[in-house]
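The values are calculated or read from the model by the stated rules, or taken from the named source; none is laboratory data. Fair warning: this is a prediction, and the values are worked out from it, not measured in the lab. Using ideal geometry, Cβ is built from the backbone for each residue, glycine included, and neighbour counts are taken over all protein chains shown.
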Amino acid sequence: MQKEYLDGRGVKYETILVDQDIKAAEELMNLEGGMGVPFTVFTKEDGKKESVLGFDKKEINRILEID
């Protein structure tokens with residue numbers, strides 16, 4: 001669902017499968033403290049990063065500054 005939502009808004013992203021990438025799984029554990037997915041890290045143009053656990057349209061829209 002989240003991929004389709006981002007695709008529909010023209011958002012570019014990279015998919016990382018933490019069940020197939022041990023290093024990425026460790027990073028997720030350090031960032032989020034668990035293994036909830038989807039876990040999305042948005043990097044803004046100024047380099048600031050914001051993350052969202054789960055598919056939260058309202059929070060994604062706020063971060064991307066869209067309605």
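Any residue in region 1-10 that is within 13 Å of the chain's Cα centre (by Cα), among the hydrophobic types (A, V, I, L, M, F, W, C) and either modelled with pLDDT of 90 or more or part of a loop (DSSP other than H, G, I, E, B) (or both)?
For region 1-10, residues within 13 Å of the chain's Cα centre (by Cα), among the hydrophobic types (A, V, I, L, M, F, W, C) and either modelled with pLDDT of 90 or more or part of a loop (DSSP other than H, G, I, E, B) (or both): present.
How many residues are under 25 Å from Glu65 (Cβ atoms) and of a type in the set (S, T, N, Q) when one looks only at region 4-42?
Going through region 4-42 one residue at a time, the tally reaches 2.
Only one of Leu17, Leu31, Leu64, Leu53 is in contact with a Gly (Cβ under 8 Å, 6 or more places away or on another chain) and among the hydrophobic types (A, V, I, L, M, F, W, C); which?
Leu53
Out of everything in region 7-18 that is in contact (Cβ under 8 Å) with a residue 12 or more places away in the chain and aliphatic (A, V, I, L, M), what residue ends up being surrounded by the fewest Cβ atoms within 10 Å (Cβ to Cβ)?
Val11
To keep it simple, each residue is scored yes or no on (1) at pLDDT below 90; (2) surrounded by 13 or more Cβ atoms within 10 Å (Cβ to Cβ); (3) in a helix (DSSP H, G or I).
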site: Gln20; (1), (2), (3): no, no, no
site: Met29; (1), (2), (3): yes, no, yes
site: Gly34; (1), (2), (3): yes, no, no
site: Val37; (1), (2), (3): yes, yes, no
site: Thr40; (1), (2), (3): no, yes, no
site: Gly47; (1), (2), (3): no, no, no
site: Glu50; (1), (2), (3): no, yes, no
site: Phe55; (1), (2), (3): no, yes, no
site: Glu59; (1), (2), (3): no, yes, yes
